[in-house]
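The structure under discussion appears below in the form of structure tokens.
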Amino acid sequence: MKIRLMVIDGNSLPYLTSFKFEFTIRHVPREQNNNITVKFRQFQTNFWRKKHRWCIEFIVGEKSAFIYTIPYFSNKFGLLSNSKRY
């Protein structure tokens with residue numbers, strides 16, 4: 001499964017004051033967990049944390065992964081069995 005996101009022009013970023021999301025990937029083969037971790041860590045760099053003040057956490061489980069902005073904005077949160085939080 002591939003997800004395409006619209007790329008925001010760098011000149012428009014100063015006008016974006018709030019950005020919240022949550023995505024779940026299900027049925028992930030265990031051998032892909034490291035690839036997902038590497039991809040998700042790209043959103044935990046200083047570019048996102050310090051320059052734009054957008055913080056994310058992610059959880060990688062046995063067969064699924066979950067990435068979301070913090071503070072978490074939903075009223076529901078599902079825990080994944082045998083998961084690691086980053």
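For segment 20-85, the square roots a ≥ b ≥ c of the C-alpha gyration tensor eigenvalues yield an a/c of 1.5 or more together with a/b not exceeding b/c, which makes the shape oblate. For segment 20-85, the tally of Lys pairs with Cα-Cα distances below 20 Å comes to 11, considering only residues 8 or more apart or on different chains.
Every number here is computed from the coordinates shown, using simple stated rules; none is lab data. Predicted model only: the values in this text are computed from it and were never measured.
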